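Everything below concerns the one structure shown next.
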Amino acid sequence: MNKILFQINYDVYPEKRDDFLVDAKELENYMNSHTKHNYMIVEDKNKKNSFSEVYVLNDEAEFEGLEDEMDDTIYGLTTKILGEYVVDGKTKYSTLYQIS
């Protein structure tokens, strides 16, 4: 069983960084206490205000079920983050599979 690394990458408006960090921490804490996923939000060490939401998933079934677990709290926080903090609402998604 190969793990999957799913990333959502984006830049945050510098003037909204502090508000973003509050909501990002709330989302991270909620995800880790209300879902079975290994989830974190990280910042690029070499590019300030460039963040990634990272899921480490156990298998394809867990990856396919991500959207099914989105409740009102997760939806509200992710919508707020993408709508208010992410530069031009632009994100980049990456799905990486562990080698055998």
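Got at least one residue in region 63-72 being at pLDDT below 95 and under 16 Å from Ser94 (Cβ atoms)? Among the residues of region 63-72, at least one is at pLDDT below 95 and under 16 Å from Ser94 (Cβ atoms), which makes the answer yes. When residues in region 43-95 are screened for being small (Gly, Ala, Ser) and part of a loop (DSSP other than H, G, I, E, B), 1 of them pass. Going by the conditions given, is Tyr55 surrounded by 13 or more Cβ atoms within 10 Å (Cβ to Cβ), within 22 Å of Asn2 (Cβ to Cβ) and not acidic (Asp, Glu)? Yes.
Residues of region 29-59 that are of a type in the set (Asp, Glu) and farther than 18 Å from Gly83 by Cβ: Glu43, Asp44, Asp59.
If the requirement is being farther than 22 Å from Val12 by Cβ and surrounded by fewer than 15 Cβ atoms within 10 Å (Cβ to Cβ), which of these qualifies: Asp44, Asp68, Asp88?
Asp68
Being charged (D, E, K, R) and buried (at least 16 other Cβ atoms within 10 Å of the Cβ) is the filter; apply it to region 18-40 and report the residue that is farthest from the chain's Cα centre (by Cα). Among those residues, the one meeting the criterion is Asp23.
Among the numbered criteria (1) touching a residue at least 60 places away in the same chain (Cβ under 8 Å); (2) touching a helix residue (DSSP H, G or I) at 6+ places or on another chain (Cβ under 7 Å), which single criterion is violated by Leu27? Of the numbered conditions (1) touching a residue at least 60 places away in the same chain (Cβ under 8 Å); (2) touching a helix residue (DSSP H, G or I) at 6+ places or on another chain (Cβ under 7 Å), the odd one out for Leu27 is (1).
The values are calculated or read from the model by the stated rules, or taken from the named source; none is laboratory data. Keep in mind that this is a model prediction, so the values were computed, not measured. Cβ coordinates were reconstructed from backbone atoms using ideal geometry, including for glycine residues, and neighbour counts include every protein chain displayed.
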